[in-house]
Amino acid sequence: MDFDADRVRACYPALADGYAYLDGAAGTQLPDSVIEAMAGAYRAGLGNSGGAFPASLRSDVITAECRRAVADLTGGRPEGVILGPNMTTLTYRLARTLAAAWGPGDEVVVSRLDHDANVRPWVQAAAAVGAGVRWADVQLPGGELPLASFRHLISDRTRLVAVSAASNLIGTRPDVAGITALAHAAGALAYVDGVHATPHGPVDVRELGADFYATSAYKWSGPHVGAVVADPGLLESLAPDKLTPAPARVPDRFEQGTLPFADLAGVTAAVEHLASLAGLAAAGTRRQRILAGMAAAEAHEQGLFRVLLGGLDAMDHVTTYGKAARRTATAYFTVAGRTPRQVAEHLAGRKVNVSDGDNYAWELAGVLGLRDSGGAVRAGLVHYNDRSDVDRLLEAVAELDR
Ligand SMILES: Cc1ncc(COP(=O)(O)O)c(C=O)c1O
């Protein structure tokens, strides 16, 4: 696999500040190409959508290109790509839309592995219409979300199953294809949270069986834009709240208000960047180059992750959480005698950026027994991290053994 970490790192101007950016799971840095694409869109002149003049046309072209790019990244169809401010907002919107067809006796299935953005919108939407909620539990100590437990939860009452493609705390990758197959066999829809999974490997929404697949560009080298990828035919059957004069066509009718056109140009550039990660070894369509690039990124991250986890697990004063068989390169750990915030502050002093807390995986932090003690420290690898980032983190954590 051709992955040139130095070449990739040189694309990111922010990395020149000398910090080890191990906070990618909370949001990634941007390559120059993405920054330039956004600045270039503004420089060229943008108008609002639907006008009779070139600047307006440019905005419409940018939007169409962005839908194609997100479709290439996820294996979906451009006409099914809903764009919006972030995953949380889009999920609330879709939960309200879908719940309009639910009532007493219907059920949704959510999991305790998930980020709260793929839990609370469904729990609240169900409560608003008198529908029930069933919970899929995380198995300890490994942190797996077993497929078998969904067999007991999904029934002919189930309307929707919401599940994460990867945990943003401990990296667990559940058997999403197995879970969505169970949902479909029961006549239910599957809403897959791909926010944490998308930057860590190839994605194919059809293989996953995701009726909806949510992702956020700021987790994969893009700006703050969210997207939900769905089958256009399914979207045609839904009636979201919309302003009367706003477009009625799909997917536009799910997009409330004016889109951030310059940011959308940045999203397309971010997808192009991911398509370039495998270097010259990758050829073919953009989709094929993305798959090669993300496979190369995954191999790079997993190699570093073995060093990171091995190093943390070798320290007596460190406890790591999660040991799932399939997981992203995301470490979650505590240090004896220090709060997660104290550890994060110490690491910041050593020029290492990490997250601390529950990172909104509210249920999982509770299951792990960490919710009331400030959560834990999260060090997440993405494709632009290298061995020096990992070594610096390990050296700085080792210093806390005194
Ligand atoms: C797994 C996961 N789901 C959902 C979200 C929420 O995404 P957004 O910030 O786009 O609303 C996050 C953000 O950290 C996340 O990690």
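The values are calculated or read from the model by the stated rules, or taken from the named source; none is laboratory data. Everything numeric here is computed off the predicted structure, so don't read it as measured data. Cβ atoms come from the backbone with ideal geometry, glycine included; neighbour counts cover every protein chain shown.
Here are some notes:
- Number of positions in the stretch 176-230 that are assigned to a loop (DSSP other than H, G, I, E, B) and more than 13 Å from the ligand (Cβ to nearest atom): 11
Conditions tested, residue by residue: (1) more than 16 Å from the ligand (Cβ to nearest atom); (2) at pLDDT 95 or above; (3) not in a helix (DSSP H, G or I).
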{"position": "Arg58", "(1), (2), (3)": "yes, yes, no"}
{"position": "Arg67", "(1), (2), (3)": "yes, yes, no"}
{"position": "Glu79", "(1), (2), (3)": "yes, yes, no"}
{"position": "Ile82", "(1), (2), (3)": "no, yes, yes"}
{"position": "Thr89", "(1), (2), (3)": "no, yes, no"}
{"position": "Arg93", "(1), (2), (3)": "no, yes, no"}
{"position": "Val109", "(1), (2), (3)": "yes, yes, yes"}
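- Only one entry in Ala128, Ala101, Ala148 is outside any helix (DSSP H, G or I), of a type outside the set (S, T, N, Q), surrounded by fewer than 16 Cβ atoms within 10 Å (Cβ to Cβ) and without any contact (Cβ under 8 Å) to a residue 60 or more places away in the chain, namely Ala101.
- In the stretch 343-402, the residue that is surrounded by the most Cβ atoms within 10 Å (Cβ to Cβ) out of those that are among the hydroxyl-bearing types (Ser, Thr, Tyr) and not in a strand (DSSP E or B) is Tyr384.
- Checking each residue in the stretch 5-51 for being among the hydroxyl-bearing types (Ser, Thr, Tyr), surrounded by 19 or more Cβ atoms within 10 Å (Cβ to Cβ) and touching a Leu at 6+ places or on another chain (Cβ under 9 Å) picks out Tyr12, Tyr21.
- Subset of the stretch 188-208 (residues that are over 22 Å from Leu264 (Cβ atoms), in contact with a strand residue (DSSP E or B) (Cβ under 6 Å, 6 or more places away or on another chain) and of a type in the set (Gly, Ala, Ser)): Ala188, Ala190
- Flag for Asp241 being more than 14 Å from the ligand (Cβ to nearest atom) and either acidic (Asp, Glu) or at pLDDT below 95 (or both): yes
- Cβ separations smaller than 6 Å between residues 6+ apart or across chains give the following pairs from the stretch 5-32 residues that are within 16 Å of Ala278 (Cα to Cα) to residues that are of a type in the set (Gly, Ala, Ser): Pro31/Ser221.
- Pairs meeting the criteria (first residue in the stretch 79-92 and more than 16 Å from Asp241 (Cβ to Cβ), second residue within 7 Å of the ligand (Cβ to nearest atom) and part of a helix (DSSP H, G or I), beta carbons under 6 Å, at least 6 apart or on different chains) are Met87/Ala117; Thr88/Ala117.
- Single unsatisfied condition, Asp156 versus (1) in contact with a helix residue (DSSP H, G or I) (Cβ under 9 Å, 6 or more places away or on another chain); (2) of a type outside the set (Gly, Ala, Ser); (3) over 25 Å from Lys323 (Cβ atoms): (1)
- Scanning the stretch 111-122 for residues that are within 10 Å of the ligand (Cβ to nearest atom), part of a helix (DSSP H, G or I) and charged (D, E, K, R) yields one hit, Asp116.
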